[in-house]
Each structure stands twice: as C-alpha cells, then as structure tokens.
1. Does Val124 qualify as being more than 25 Å from Gly181 (Cβ to Cβ) and either modelled with pLDDT under 95 or buried (at least 21 other Cβ atoms within 10 Å of the Cβ) (or both)?
2. In this structure, does Gly208 turn out to be modelled with pLDDT under 95 and more than 27 Å from Cys56 (Cα to Cα)?
3. Given (1) under 25 Å from Pro115 (Cβ atoms); (2) crowded, with 17+ Cβ neighbours inside 10 Å; (3) aliphatic (A, V, I, L, M), where does Leu171 come up short, assuming only one miss?
4. Considering only residues that are in a loop (DSSP other than H, G, I, E, B), among the charged types (D, E, K, R) and more than 20 Å from Pro133 (Cβ to Cβ), which ones fall in the range 72-108?
5. I need every pair where a residue in the range 130-148 that is more than 11 Å from Ile177 (Cα to Cα) has its Cβ under 8 Å from the Cβ of a residue that is basic (Lys, Arg) and modelled with pLDDT of 95 or more, sequence separation at least 6 or different chains.
6. So Ala242 passes all but one of these: (1) of a type in the set (A, V, I, L, M); (2) closer than 23 Å to Lys172 by Cβ; (3) in contact with a helix residue (DSSP H, G or I) (Cβ under 9 Å, 6 or more places away or on another chain). Which condition number does it fail?
7. Which residue pairs have Cβ atoms closer than 6 Å, lie 6 or more positions apart in sequence or on different chains, and pair a first residue in the range 219-234 that is not assigned by TED's automatic domain parsing to the domain that holds Gln57 and modelled with pLDDT of 95 or more with a second residue that is crowded, with 20+ Cβ neighbours inside 10 Å and part of a loop (DSSP other than H, G, I, E, B)?
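The values are calculated or read from the model by the stated rules, or taken from the named source; none is laboratory data. Not measured: the values here are computed from a predicted model. We place every Cβ from the backbone using ideal geometry, glycine too, and count neighbours over all the protein chains shown.
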Amino acid sequence: MFKEELKKLLNQFKAGKISEKKLFEKLLLLQPENLEFTVVDHHRKLRKGFPEVIFCQGKTPIQVRDIAKKILERNEPLLATRADEVHFKALKKKFRNVYYHKTARVIYANKPEKPKAGKKPILVITAGTIDIPVAEEAAITAEMLRNPVDKLYDVGVAGIHRLFFNFEKILKANVIIVVAGMEGALPSVVGGLVDVPVIAVPTSGGYGASFGGVAALLGMLNTCASGVTVVNIDNGFGAGFAASLMNR
C-alpha cells in the first residue's frame, strides 16, 4: 500500500463508502508476517515507497521462494537481488510471471507501469564493460521504482573522449549513477561537469592493488568534485534506490 492508496482508503471510510470492518482488514495487511526464518515487512511499502527487497545471497532457494510468495500474494512488485539461477528456478516452478536478469543477478515480477511522460531520467554510466553487472542491478532497481532510465556504458578515463561524444544524454539526466572499478576516477570527472546529484558505485573489478574495490571506494570518497555521494562496493541496488529517492 502506497501513501496515496492509504489516503484514498481513509477518505473512502470517511465518506461512508467502505465499512470499518473492510478498513480494518486492509490495515491488517500491513502487519509483519513471521515465517520462522524471517519476518516479512509488509509495512515497508508505506514507509519507503517500495515493498521489502529480497537479498538472496546466503538464503536457500526455498527461503527466497517463501518470502516472494508472501509479497506476490499481495500483488506487490517483487525485486530480489544477488540471485542465481537456482533461486530463480525455485520461484519459476511456483509463479509464472517471474523473470530473471542473468547479468544483474536480479529476479523481478509485477514491474510497475512506465513513469509519467515528462519525468526526467536517471542515467547509469559505467567506466568499463566489467562494471555492467552492477550497473544493470542499479538500472533495474530504478526502473522497478518507476523511473525512466538511460544507460551509457564503457566510457571510462582510458578513453574519456567517449564520454563527451554522449554529452546530450548526460545533460538530460536528473540523477547520474557512475559505476567504476580500477582506480574509480570516472565519478570525479562526471561530478565536475554536471549540476545534478552523482552517485558513485565502486566495483570489485581490477588487478591486485585494487583490493577488490577498496582502491576505487577510497578514490571516490576522496573526490574533489562537489555533489558526489558514494555507496558500498558493488552496491548497484543501493545506488538505484537512492537515485530514485532523489528523482522524486
């Protein structure tokens, strides 16, 4: 239930269009649901604007399936990150209209309608091809939260002219997510060129001295470009969600 839906429900009750019993039944659906191994937070959509997202890593396929079942029973949009094909197969046996994005490692269902015309896009940029899986996780997250999304891949500092050949896309964006590994330089470049929020996502791609993304993370945290916010290593989901909040 979105805040708009709750307001409509309360107005209907006030106008006498629905009974107290019906209102009570609807509000009960917001209560958390205990599955023994987890507690499904059905109130999260009202608080945050989107239902609970399933982080599949470390969960069994059956656990992911059972959590997804409780979300889909309410006809809510489903988003599950860090999923593998075994997780997906468990859901696909139970639910027909569930989809898997192999590159992003994301399972999703009940994708919302396209956003209203005129809403500015979130632009997802990668420094290299190796960064695309994290970028796709960010892009799908932003789309599931009803945002138009544009993409610009493989335009890193090793060939920075590629970025400037696509500058029209950059100028149209309302929020920009920049995904980069190695030394993590690209967010500083983009952040120094635009007047919109830039979310930097360090990735774990790189040779030994990149320390699994720590070098990129530290480089981004030490950026001299104003307005750059940094999320955790490989956290495309966090970047996509934050960008959506900014794009409201």
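1. No, not satisfied.
2. yes
3. All conditions pass for Leu171, except number (2).
4. Here is the first cut: in the range 72-108, the ones in a loop (DSSP other than H, G, I, E, B) are 73-77, 82-84, 93-97, 102-105.
Now restrict to residues that are among the charged types (D, E, K, R): 73-74, 76, 82, 84, 93-94, 96, 102, 105.
Scanning the range 72-108 gives Glu73, Arg74, Glu76, Lys93, Lys94, Arg96.
5. Pro133/Arg105; Glu137/Arg105
6. So Ala242 meets the others, but not (3).
7. Sorted first by the residue in the range 219-234, then by its partner, the pairs are Gly219/Gly184; Met220/Gly184; Asp234/Thr203.
For every residue, the table says whether it meets (1) under 18 Å from Thr129 (Cα atoms); (2) of a type in the set (Val, Ile, Thr); (3) within 24 Å of the chain's Cα centre (by Cα).
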| site | (1), (2), (3) |
| --- | --- |
| His161 | yes, no, no |
| Phe165 | yes, no, no |
| Lys169 | no, no, yes |
| Ala173 | no, no, yes |
| Ala180 | yes, no, yes |
| Ser188 | no, no, yes |
